[in-house]
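Where a number appears in this text, it was derived from the coordinates with a stated rule and is not lab data. Note that this is a predicted model, so its numbers are computed, not measured. Cβ placement follows ideal geometry from the backbone for every residue including glycine, while neighbour counts extend to all protein chains displayed.
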Amino acid sequence: MLANSSIQSVQTGFKTLDLINPICQALHEEKYILPTPIQEQAIPYLVKGRDLLGCAQTGTGKTAAFALPILQWLEQNREVVGPKGVRSLILAPTRELAVQIGESFRVYGRHLRIKQTVIYGGVRPALQIRALSRGVDVLVATPGRLLDLLNQRQLRLDKVGVLVLDEADRMLDMGFLPDIKKICSAIPSSRQTMLFSATLPSEIVKLSRNFLSDPVKVTVNPPSSTVDKIEQKVLFVDRENKSDLLEFILEEDESIQRALVFTRTKHGANRIAKRLSKVKIPTEAIHGNKSQSARLQALEKFRSGRVRVLVATDIASRGLDVDGITHVINYELPKEAESYVHRIGRTARAGTDGIALSLCDAGEKSYLRKIELEICCSLNIDQNHPFHAQSIANKKTGVRKSGSKNFSDGRGRGNRNKSTVRSEGKNKDFSFSRNHSPGKPVNGKKNIRNRRAS
């Protein structure tokens, strides 16, 4: 009876978007019951062939919002593209995101006769060239490798009917713009084009006009809004004490079951991973200097729970989808406020709660101010740790109220996660989690790498 009810929910939910049965069946098998707001608003336009500029919080189902209409279009308009041909092209800024998008197409299209492949740099191109040789319906690619193979005449884009730019704010950043222009020049102008991202600054919207034709704009939640279920805190600390504070947090709070730690530099990521590993905290690092096999191996260890901490540069903040990330820790604040939104969006996915901790030193106070202006609220100050630097908290913006109350705009959750100061010589309770029970000692040395998030 429950199964029939679930099937009916999928049919009434996704079938109202005019999706075909094979796609609805795949969604049911993945236990997707109802479309998310971005899917509900975007899909009806996309199945009609409209260009679209879509903005939604990260983790709200943007990939399915464009993948499902593309799969339906491919199935209803079957065509042989010939050797090296491509029917739909999805561009992604990172290798990791490209792989995840490819996996989503595989899952949603499991009941369709769709040929697809993913191409990216960092690996030998032989297998990718072989996959392209007979033509594909879906190609997910990073711009650099795509241009390399295009220049080598290993693929053709003259049959592309749908183009997607995922994480559009990064893809249309000045660094990507020349590549995008070259790729678009090889694609028919009559294509359908979609741009999706969690943030869409005004200057990026202006640039998007070069690629979209009479687009529909769909916005779910205000641009740059942060996920409501993420509890955000800032911890003021002298720069020389940051490593000690990070180690203290990870050792003292066993509720941190799976943590994603962000740094600004590749060297910093390696240094932190090495230090944490030395104190028996299972850790891996991921950044652009790592080989593709090393990056995928690190991600797999993190997903499976074999490592508790993944240290990353911002390459991992775009589209990284790992279940059960309980905490995002900004070891260094990003210089761009919008990157903060992408970073913390790695937790509290699929309706779960999450916690974001930001370690702020004196030189990062201006970054913090930009972040708070971007998300339209002040972060709660957590001074309940041995390394609190009140002088930094007071700097420039003056003294801000500390304590357990959450955001200054009233979006906080009251006193649900008070923590007590760890006094010297006493074993006081300590936790950065909203779920820690007062009076229950936390064994900071306990190895919890095999615990999985609920």
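Overview of results
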read-out: For Ser366, Ser202, order by how many other beta-carbon atoms lie within 10 Å, fewest first; value: Ser202, Ser366
read-out: Pairs beyond 18 Å (Cα-Cα), from Lys31/Lys301; Lys31/Lys229; Lys365/Lys395; Lys229/Lys301; Lys335/Lys370; Lys48/Lys115; value: Lys31/Lys301; Lys31/Lys229; Lys229/Lys301; Lys48/Lys115
read-out: For Phe176, Phe66, order by how many other beta-carbon atoms lie within 10 Å, fewest first; value: Phe176, Phe66
read-out: Selection of GluC sites (Glu not before Pro), region 46-138, meeting DSSP coil and at most 13 other Cβ within 10 Å; value: Glu79
read-out: Loop trypsin sites (Lys or Arg not before Pro), region 45-79 (other Cβ atoms within 10 Å of the site Cβ: 11 or fewer; DSSP); value: Lys48, Arg78
read-out: Sorted by Cβ neighbour density within 10 Å, fewest at the top, the residues Ile114, Ile355, Ile325; value: Ile114, Ile325, Ile355
read-out: Signed unit charges on C-beta, dipole axis of region 2-220, positive-most listed residue Leu27, Leu207, Val162; value: Val162
read-out: Cα centre as origin, Lys/Arg/Asp/Glu Cβ charges: region 2-220 dipole, Debye; value: 720
